[in-house]
Structure formats: C-alpha cells, structure tokens
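The structure under discussion appears below in the form of structure tokens.
The values are calculated or read from the model by the stated rules, or taken from the named source; none is laboratory data. Just so it is clear, the structure is predicted and the values come from calculations on it, not from any experiment. Virtual Cβ from ideal backbone geometry, glycine too; neighbours counted across all protein chains shown. Note: areas computed on protein heavy atoms with side chains; ligands, DNA, RNA excluded. Shrake-Rupley method; radii C 1.70, N 1.55, O 1.52, S 1.80 Å.
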Amino acid sequence: MKARPTIVTALLLIIFFSAFTTAYAQVRLPQLISDGMVLQRDAKIKIWGWAQPGEKVTISFNHKKYATITKANGEWQIESAPMKSGGPYTMGISASNHITINNILIGDVWFCSGQSNMVLPMDRLTERYPDEIAAANYPQIRNFFISTVSDVSKVHADLPPGKWLACNPENVLQFGAASYFFAKQLYHKYHVPIGIINSSVGGTPIQAWISEDGIKTIPDYSQRLKTIKDTAFVNKVNQQALLAKRNQNRHVKVTDLGLTGPKTWYDTTYKPKDWHHFWLPGYWADQGVSGLNGVVWFRKEINVPVGMVGKPAKIYMGRIVDADNLFVNGVLCGNTTYQYPPRRYKLNETILKPGKNIITIQVMNTAGKGGFVPDKAYYLAVGKDTIDLRGDWQYKVGQVYTPGANSAADYTFSAQNEPTGLYNTMVAPAINYAIKGIVWYQGETNANKPKEYNLLLTTLIADWRSKWQQPNLPFIYAQLPNFMDVKYSPTESQWAELRQQQLEAISISNTAMAVTIGAGEWNDIHPLNKKVVGERLALGAEKIAYHDLSVIASGPIYQLASIDGNRIVLTFSDIGGGLIAKDDTTLSQFAIAGADHKFYWAHAAIENNKVVVWSSDVTDPLYVRYAWQDNPEGANLYNKEGLPASPFTTEPNKIVIK
C-alpha cells in the first residue's frame with residue numbers, strides 16, 4: 001500500500017520534468033527578431049535564436065524554406081537570400097513550437113548610437129516641432145529603442161526587452177529626435193522603409209561602446225578593463241561607495257526650514273518674512289548667494305484672470321539646476337530630479353483660482369551654480385493665453401549642505417562608464433542583424449580629455465566594422481555643436497580640441513561628419529534644433545551610403561594652408577557652389593599666430609574660393625584657427641548650399657611656405 005504514492009510521485013516527477021524540458025526546448029528569438037521589424041534589403045538576412053540542442057529549426061519566409069540543426073549549446077542561425085525593399089511579409093519559425101512574425105518590412109536599417117543627444121526623444125521637443133509631430137504618419141519608418149543595461153564582465157546574448165514601433169504622432173514621441181529627422185529625410189528621398197535601432201545612453205563615454213577586442217589596442221583602457229573585471233576590486237569600490245553614502249547622510253540631514261517650520265513655505269497660509277528679491281531667470285550665485293550648495297526656495301504671486309480659470313494649464317519653467325519641486329497654491333504640480341530636462345508641468349483644471357495665485361519652487365543644488373537657466377521659456381499657459389513668469393521673485397535659503405569628507409560619487413562604480421560596459425550589452429547582441437550603416441552622436445562626456453578622442457573614435461569605427469564583418473560599413477557622425485559661454489578673445493577650448501579630433505577622423509574611408517556649429521545653445525548641452533542635425537547627418541548618408549554624388553554633404557573642410565608673406569591662404573574641400581560669409585560681408589572667428597602660438601583675432605577674406613587670413617599683430621604668421629571656442633558665436637564661413645565650415649586649426653600639419 002505504501003508503494004503506490006511512490007509510483008504516483010515518480011510519474012508526477014516524470015511529467016513535470018518532461019514539461020520543463022519541452023518548455024526549455026521551445027525555439028526562442030532575440031528581441032530584434034519580432035513583429036514590425038525592418039530587415040536590411042540587398043543583404044543576406046540572418047535569423048537566429050535558441051532551442052533544444054540538436055533540434056531542427058525551420059523558417060518559412062517569402063515563399064522559401066530554410067532549415068538548420070541547433071548547436072550543442074542550443075544556438076542556431078539561418079541566412080536567407082537577399083531581398084529587395086517591400087513588404088509587409090510574414091515569417092514562420094518552427095521547432096517543437098511555432099512562432100509567427102508579422103508585418104515585416106524590407107528596407108534600410110540604421111544603427112544609431114551615442115549619448116544623450118542621440119537618444120533625446122521627440123517628446124522633449126513638442127513645443128519646437130508641433131507640426132512635425134502632428135504630421136508624423138510614416139508607418140514604414142520604424143524604431144527599436146534599446147533600454148539601458150551595462151556589464152563589463154561578459155558579452156550578453158540578447159538585448160533587454162524592446163519592440164519595433166511604427167511612426168505615428170503618438171509613437172514618434174518615443175523616437176530619438178536626431179534619428180527621426182535623419183530617417184524621415186532618407187525615407188522621403190529614397191521611398192524605402194527605414195528602420196532605426198537606437199542604442200544610446202546619456203552621459204556615457206565612447207570607451208564604454210568599444211569591445212574588448214577593440215579596447216585592448218589602447219593600453220590605458222585595456223589595463224582599466226583588466227582591473228574592473230576583478231570581482232574583488234569591484235566589491236571593494238562598492239563597499240567604499242556605501243560607506244561614503246552613509247557618511248554623506250550623517251552630514252546632510254533633512255533640516256530644510258521650508259519643510260520643518262511651523263508651516264511649510266508652500267502652504268498658502270504661510271506669511272513670508274525676510275525673503276529677498278530675485279530676478280528670474282538667473283543663478284543665485286550671481287544674485288548675492290555665492291558658494292551655496294543646498295536648498296533655496298522661490299516664491300511669486302501672480303494674478304490670473306477669470307478666463308484662464310477652470311481649465312487645464314501648463315507651467316514652463318525652462319531648466320533648473322539641479323532638482324526642483326513646484327507647488328501652485330500649495331499643491332505639488334511637478335518635480336524633476338536632475339538639471340537637464342525642460343520643466344513642463346501640467347496643472348489640472350482645479351488648481352488655478354481667479355485673482356491671486358502663489359507659485360512656490362523648492363530648488364536643490366549639490367554642485368556648481370544653482371538656479372534658473374537663462375534664455376529659456378518661463379510662463380504659465382492656458383490654451384493660447386499666457387502669463388510671463390520672468391521677472392521679480394522672492395527667495396529664501398532653506399538649507400545649506402555641509403559635504404562630508406568624501407562623496408559617494410568619488411567611489412561609485414558604474415559599468416556604463418567603463419570600457420566595454422555598453423558594447424557588451426547594447427551592441428554585441430545586435431551584431432547579427434544586418435544594417436545599412438551607423439550613425440554616431442557622442443563626445444560631450446569625453447571633452448575633458450579631448451586629445452585622445454581621435455584614437456578612440458577610429459578604434460570604435462574599426463571595431464564595429466570588424467564585428468559586423470563589413471570593412472566599409474558607412475559611418476556617419478555628428479561633430480559637437482556650439483555650447484557654453486561666448487569668449488571674446490582667442491582662447492584654448494576642450495570642445496574645440498575635441499571637434500578637431502572628430503574632424504581628423506573623416507580621413508577614414510566611407511565616413512561622413514555632420515558639422516553642427518550654429519545648431520547648439522550656449523545654455524543647454526541638449527540643444528533643441530535636432531532637425532538640422534538629423535538632416536545634416538542624412539546628407540552624409542546620401543553621399544557615402546547611397547552613393548549620390550550630386551549631394552553636397554558637408555560644409556567647407558580645411559585642407560591646406562599656404563604662407564604668403566604676412567598672410568596665410570587656406571584651401572578647402574566641399575565648397576559646393578562656392579565659399580560665402582553667411583549673413584555678412586566679413587568673415588568672423590578667424591585667429592592667427594606666429595611661432596609663439598599666441599593667437600590674435602585676424603582679418604579674413606574670400607578670394608577665388610580660398611580664405612586669406614592676416615593681422616597686423618602677427619608679421620610672420622604660421623598658424624590659423626577658425627571657430628576655436630566652446631561657443632564660436634558668429635562663425636560664418638559657409639558654402640552656398642548653406643552648410644557651415646568645420647572648426648579647425650592648421651597646427652597639426654598641412655602647411656606650405658611659398
């Protein structure tokens with residue numbers, strides 16, 4: 001009698017393990033191979049995945065069948081014949097189970113990568129491009145966004161969960177803006193489906209995107225990779241970060257007077273006392289509160305007419321450094337935890353009252369100049385009616401932070417900032433996917449070490465071409481735009497040096513660079529004019545990927561300097577219909593130097609489609625720089641096609657003495 005339960009148990013175990021084995025054996029596909037995908041035309045198409053070792057996998061696609069047997073590790077891969085653009089198609093994949101993939105298009109696939117300016121979504125640009133968003137009905141433009149994941153320890157087999165989205169006014173808000181305008185221009189010109197794979201992470205350095213095979217050619221980063229792959233080292237760093245965080249918490253206590261007094265400072269019944277005047281926008285360091293990291297409260301009373309009450313509203317508070325909580329009439333209406341996003345806070349129809357309304361903002365800042373970034377939008381909107389929020393506010397300090405001896409940030413280990421950390425997780429799993437080319441927008445994070453950028457960029461290009469097994473894979477990249485304060489004397493600039501490093505990379509075959517000078521903003525590392533950037537990137541693709549020789553894909557590119565007495569004559573490629581001084585008759589932003597490398601502003605003129613540069617301050621000139629500033633305001637050397645010249649220096653080479 002006791003044997004029967006044992007037999008039953010054994011049978012149940014057999015059934016359980018059979019079910020488990022069957023589930024494990026089922027064919028599984030990578031994230032990219034899914035409904036709505038765009039496959040590369042005129043190229044062998046790789047379809048891959050996982051199943052039971054030794055299992056037969058069959059694919060039916062476009063009236064053809066393909067079959068293979070999985071390897072011992074369960075991996076399988078099938079190559080289908082190249083196809084012309086078209087669709088939609090359906091694909092069937094069978095093993096112990098069957099998967100159907102629907103709505104497949106054949107077109108051109110672009111791998112778009114970099115940091116925040118590549119990933120910046122159209123949702124952040126709704127005020128700048130409302131008509132573009134409303135008209136974004138392009139079902140043959142599709143986007144696959146790769147969520148952030150990082151790992152320096154190993155290469156991942158698959159991407160994090162994601163899906164292909166067809167372009168419509170709702171979905172386009174999730175598209176990277178630069179990549180969307182890039183794809184849109186190509187779609188209108190070539191009338192083929194365009195797939196975008198957006199693999200980008202804000203604030204990350206280029207070395208994180210290079211494989212271990214690539215990074216080993218750069219000794220400093222190769223050694224760093226060996227160090228961080230040591231588990232004991234990483235554990236030690238993490239432990240130090242934890243101790244530093246505890247130390248910070250002991251020093252930075254929540255003693256904000258705006259929250260701990262008898263009444264909170266955002267309470268509508270609170271009576272302000274000893275508050276000071278503040279002109280918004282601006283930084284408190286420029287208005288009498290220097291050297292403060294902590295919490296500062298801002299308050300303004302506004303008068304709202306009856307016609308704006310009882311309706312949804314929106315407050316635009318530009319950009320705030322660093323974090324903020326915004327209250328209207330005592331109600332929390334929005335908050336942001338870091339400085340870069342634009343503040344656009346929605347108010348429901350019950351918030352505003354006729355007559356006096358109180359806006360209170362708690363601003364927290366831990367480093368640098370805290371406050372409200374100038375030259376941004378600050379207003380309250382109800383429909384088309386607005387109230388300007390710039391002007392006289394009141395402020396009061398709520399808390400002063402006393403930093404600990406060490407910041408947790410001094411110790412924190414982040415794989416996404418380390419060599420291979422993003423290649424392993426956000427590039428390697430996509431290598432099997434056939435693509436038309438690569439679009440790259442990155443460099444801001446590497447600007448503190450600009451002189452090494454050319455080596456890193458050329459390494460990344462060679463590395464990715466090797467991994468995709470396409471030695472001439474088109475590679476189009478954006479040069480850094482203008483950013484930060486305008487300087488009115490010739491000066492050194494890390495951003496200018498990095499642009500020079502980017503410029504020199506176009507000597508690599510089948511590359512193109514989009515010059516973005518004029519498309520930046522002095523006060524925003526995330527400039528909003530992404531349409532210009534995307535369209536200039538598309539021009540590069542038209543030339544090197546689509547072989548359209550009639551396209552003028554770039555503005556003037558410096559080629560050669562000839563010294564002629566007290567003048568230097570500059571020769572350029574990519575002059576198109578000819579050189580011009582845009583919006584003026586006089587060229588600007590040229591500087592000249594002699595053997596001492598001391599630069600002076602120079603006169604410059606266009607002669608026979610060359611630029612002649614001279615200065616009475618330099619009688620024996622040797623070197624010229626153009627737009628050699630973080631923010632070279634007024635740089636106006638263009639070609640007649642309206643494309644700006646790349647900033648440059650003649651110092652490295654290419655000097656001829658007549």
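Projecting label points 7 angstrom from Cα along Cα→Cβ for residue 168 and residue 508 puts them 3.9 nm apart.
The 1.4 Å probe gives accessible areas that order 378, 338, largest first, as 338, 378. Between residue 651 and residue 384, the simple spin-label model (points 7 angstrom out along Cα→Cβ) gives 5.4 nm.
Using the Kirkwood radius built from alpha carbon pairs, what does the Stokes-Einstein equation give as D for region 486-559 at 25 °C and 0.890 mPa s, in µm² per second? It diffuses with D of about 175 µm²/s by this estimate. Overall, the accessible surface of the chain at a probe of 1.4 angstrom is composed of carbon and sulfur to the extent of 53 percent. Across region 70-151, C-alpha contacts under 8 Å between residues 6 or more apart give a mean separation that, scaled by the residue count, equals a relative contact order of 17 percent. Shape class of region 65-163 from the alpha-carbon gyration tensor: oblate, with a/c at 1.5 or above and b/c at least as large as a/b.
The order of 79, 633, 497 by accessible area, most exposed first and with a 1.4 Å probe, is 633, 79, 497. Looking at the square roots a ≥ b ≥ c of the eigenvalues of the Cα gyration tensor of region 443-578, which shape do they give, rounded for a/c under 1.5, prolate if a/b is larger than b/c, or oblate? Cα axes put region 443-578 in the rounded bin. Plugging the Kirkwood radius over Cα pairs into Stokes-Einstein for the chain, at a temperature of 20 °C and a viscosity of 1.002 mPa s, what D comes out in µm²/s? Answer, rounded: 76 µm²/s.
Extent of region 76-230 along its three principal axes (Cα atoms, max minus min coordinate, largest first): 50, 50, 26 Å.
Starting from the Cα of residue 332, step 7 Å toward the Cβ, then list every residue of region 256-277 with an amide N under 17 Å from that point. Only 256-261, 264-268 fall inside the zone, counting backbone N under 17 Å.
Under 18 Å of direct C-alpha separation, and excluding same-chain neighbours fewer than eight residues apart, residue 273 reaches these aspartates and glutamates: 256, 301, 392. One quarter of the surface of the convex hull around the alpha-carbon atoms of region 555-613 equals 4.4 nm², the direction-averaged projected area. Along the charge dipole of the chain, pointing to its positive end and built from +1/-1 on Cβ of Lys, Arg, Asp and Glu, which listed residue (30, 613, 261) has its Cα farthest out? Highest projection toward the positive end goes to 30.
Taking each DSSP H run with n ≥ 4 as -39500 (n - 2.57) and averaging over every residue of the chain yields -6000 deg cm²/dmol at 222 nm. If you wrap the tightest convex hull around every Cα atom of region 287-364 and split its volume per residue, you get 93 Å³. Rounded, prolate or oblate, given the Cα gyration tensor of region 507-626, with a/c below 1.5 counting as rounded? Since a/c reaches 1.5 and a/b is larger than b/c, the shape of region 507-626 is classed as prolate.
In region 378-494 the Cα-Cα distances spread across 5 Å bins starting at 0 as 2, 6, 11, 12, 11, 11, 11, 11, 10, 9, 5, 2, 0 percent of all pairs. Residues within the reach of a label modelled at residue 400 (point 7 angstrom out along Cα to beta-carbon, backbone nitrogen below 19 Å), restricted to region 278-311, are 284-298. For region 434-451, putting each phi into the Karplus relation 6.51 cos²θ - 1.76 cosθ + 1.60 with θ = phi - 60° gives couplings of 5, 9, 7, x, 10, 10, 10, 9, 6, x, 4, 5, 8, 5, 6, 9, x, 5 Hz, in residue order, rounded to whole numbers and with x for Gly and Pro. So which DSSP H runs in the chain come out at 18 Å plus along the axis (Cα) with average Kyte-Doolittle of at least 0.5? Those that clear 18 Å and a mean of 0.5 are 3-25. The slack in the chain from residue 348 to residue 63, taken as 0.36 nm per residue of separation less the alpha-carbon distance, amounts to 97.1 nm.
You can think of it this way: the chain between residue 571 and residue 586 has 3.6 nm of extra reach, that is 0.36 nm per residue less the Cα-Cα gap. Backbone N atoms of region 369-401 closer than 14 Å to the 7 Å Cα→Cβ label point of residue 311 belong to residues 380-387. With a simple spin-label model that places each label point 7 Å from the Cα along the Cα-to-Cβ direction, the separation between residue 188 and residue 605 comes to 4.0 nm. The mean sequence separation of alpha-carbon pairs under 8 Å and at least six residues apart, normalised by the residue count of the chain, gives a relative contact order of 13 percent.
Cross-linked pairs 154/449; 184/530; 184/436; 451/487; 314/376: Cα-Cα separations exceed 19 Å for 154/449; 451/487.
Using Cβ point charges alone (K and R +1, D and E -1), the dipole size of the chain about the Cα centre works out to roughly 2040 debye.
For the pair residue 356 and residue 524 in one chain, pulling the backbone fully straight at 0.36 nm per residue adds 57.2 nm over the alpha carbon distance. Shown are 641, 418, whose ranking by accessible area with a 1.4 Å probe and every protein chain present, most to least, is 641, 418.
By the rule of a C-alpha distance below 15 Å, with chain neighbours fewer than 8 residues away ignored, the aspartates and glutamates paired with residue 64 are 79.
On the beta carbon distance between residue 489 and residue 564, with R0 = 25 Å, the FRET formula returns roughly 0.45.
Rg/Rh, computed from the Cα trace of region 459-518 with Rh as the Kirkwood radius, has the value 1.10. In percent, how large is the relative contact order of region 588-650, given Cα pairs closer than 8 Å and 6 or more residues apart? That works out to 34 percent.
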